[in-house]
Amino acid sequence: MAEKVTRATRAARGVLFVHSSPRALCPHVEWAAGRALGTAVNFDWSEQPVYRGLLRAEFAWEGEAGTGARIASALRGWEQVRFEVSEDPTPATDGGRWMHTPELGVFFAQTDSVGNMVVPEERIRYAMEIAGHDAMELHRELRLALGQAWDDELEPFRHASDFAPVVWLHQVG
């Protein structure tokens, strides 16, 4: 019985958003994500309307806690790919969000139970120390801590998914 409880508390789920990928890299992206998940995957690719010639895909995944980090690590080598990986928190682990753009690389943030980014106390203290009494510098440091540059770059690509079908299956009861 203890093994069953341990396995259940370590189960995690999340979503991989491939915001843009050149067509030639799509099979490689699937292979890398599948390797991280431990099973072959096939994405439903569609045109990325923001950037002609690129494709996009969304994939809901399930795995052990830490799978989101494995997926992000597997994909970060594909520098022409824009992506986000989310991992929902479990009873035993925090959630996470990884964002990648070709220009900025990877950004990671811990997330809370409803998906908000959590900025650690020490990061906030650092921002305050660096900024001193300069409100603009504090603003800059907090934007950096929140990954604002990644959000700004990915936002146009996110809107392309507004009408994309995503099916969520949840066990109720």
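Laboratory data are not the source of any read-out in this text; all were calculated from the coordinates shown. Note that the structure is predicted; figures quoted are calculated from it, not measured. Neighbour counts are summed over all protein chains in view; Cβ atoms, including those assigned to glycine, are modelled from backbone coordinates with ideal geometry.
Tabulated values for the structure
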read-out	value
Amide H within-cut-off set for residue 54, under 5 Å, with H built and near neighbours excluded	48
For segment 76-89, 3J(HN,Hα) per residue [Karplus equation, 6.51 cos²θ - 1.76 cosθ + 1.60, θ = phi - 60°, Hz, x = Gly/Pro]	5, x, 8, 5, 8, 10, 9, 8, 9, 10, 10, 10, 5, x
Per-residue Cβ neighbour rank within 10 angstrom, fewest leading, 114, 29	114, 29
Charge dipole of the chain about the Cα centre (unit charges at C-beta), most positive-ward option of 37, 115, 53	37
Total charge dipole magnitude, segment 11-159, about the Cα centre, Cβ charges on Lys, Arg, Asp, Glu only, Debye to nearest 20	460 debye
